[in-house]
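Here's the structure, in structure tokens; my notes come after.
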Amino acid sequence: RRLIPFFQPILDVQAGVVVGYEVLSRIEVDGEVMRADEFVEIAEKIGVIHRLDCLVIELALQKLAADGHDGYIFLNLSPRAMVLNEFARSLRQIVVDSGIPPERIVFEITERDTVKNLALMERFLNDLKFDGFKLAIDDFGSGFSSFHYLRRFPVDFLKVEGDFVVNILHSTKDRAFVQSMQSLAHELGIQVIAEFVETGEVLDELKRMGMDMAQGYYIGRPDREIRKPA
Ligand code: G
Ligand code: MN
């Protein structure tokens, strides 16, 4: 119960407005706030990751509904949680209770983790899509299954791994990667989100390149409060 949802804004690059927030888990230990990656691994090992995921989603949706947020909500899902029947049921119940329409909820699946049972995952994701939820591939380019995921799952958004984005002004190689991920996505009718946008110059360049959305410290840091950046 010491789990705290943090919110990081996501900007529509071309329109210049915040259109959503990604929910990031933090945990409070002895008055200090820990990042999720430090405890997610432990939670996975001891088999309670689905309960952590559900709890943080529940807390985040409560806060967003109370604050009257009406854009997209991006939620991270652990691949290990997805294959549990119990998880799918709890997830639906939490969303129904929140009163937030599924169309505004985007589930992020990272391709960083290797997934053994792709067929089970595919069924879970197809069921979510059927219920009206949206789907994003997180950290695109960081793993080995990028293209497989895009081919196989009904994806709405592609989040470009931040490592490719930070240097686009100084590395023609990185810029080429970002440009081609964007072209591929657009050809497939998928919207693209650039992660780790840390300066105004990078944001300007992404706008010129035709990027759809951006997220990163320049736009806003993850925060306990839901803030619209100036
Ligand atoms: O895997 P995922 O993309 O969901 O991870 C998001 C993580 O990246 C969060 O822990 C968040 O704090 C961090 N993050 C968000 N924006 C930036 C940024 O601009 N630069 C860096 N280095 N990290 C960021
Ligand atoms: Mn994410």
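So here's what we get for this one:
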item: Sole residue being modelled with pLDDT of 90 or more and within 25 Å of Met121 (Cβ to Cβ), chosen from Phe87, Phe107, Phe39; result: Phe107
item: Odd one out for Asn117, checked against (1) in contact (Cβ under 8 Å) with a residue 12 or more places away in the chain; (2) surrounded by fewer than 14 Cβ atoms within 10 Å (Cβ to Cβ); (3) over 24 Å from Asp37 (Cβ atoms); (4) not aromatic (Phe, Trp, Tyr); result: (3)
item: Asn126 vs. criteria in contact (Cβ under 8 Å) with a residue 12 or more places away in the chain, within 25 Å of Val83 (Cβ to Cβ) and over 20 Å from the mean Cα position of the chain (by Cα); result: no
item: Residue in region 154-170 that is farthest from ligand 1 (Cβ to nearest atom), counting only those that are among the hydrophobic types (A, V, I, L, M, F, W, C) and crowded, with 18+ Cβ neighbours inside 10 Å; result: Val155
item: Within region 75-97, tally of residues that are crowded, with 20+ Cβ neighbours inside 10 Å, in a helix (DSSP H, G or I) and touching a residue at least 40 places away in the same chain (Cβ under 8 Å); result: 2
item: Selection count, region 180-222, where residues are within 20 Å of Tyr72 (Cβ to Cβ), out of contact with any Phe, Trp or Tyr (no Cβ under 7 Å at 6 or more places or on another chain) and aliphatic (A, V, I, L, M); result: 9
item: Residue that is more than 15 Å from ligand 1 (Cβ to nearest atom), at positive phi and not polar (S, T, N, Q), where the choices are Gly216, Gly132, Gly141; result: Gly132
item: Region 22-43, subset within 16 Å of ligand 2 (Cβ to nearest atom) and in contact with a helix residue (DSSP H, G or I) (Cβ under 7 Å, 6 or more places away or on another chain), residue nearest to Ile226 (Cα to Cα); result: Val23
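The values are calculated or read from the model by the stated rules, or taken from the named source; none is laboratory data. Quantities reported herein were computed from a predicted structural model and do not represent experimental measurements. Every residue, glycine as well, gets a Cβ built from its backbone with ideal geometry; the counts of neighbours run over all protein chains shown.
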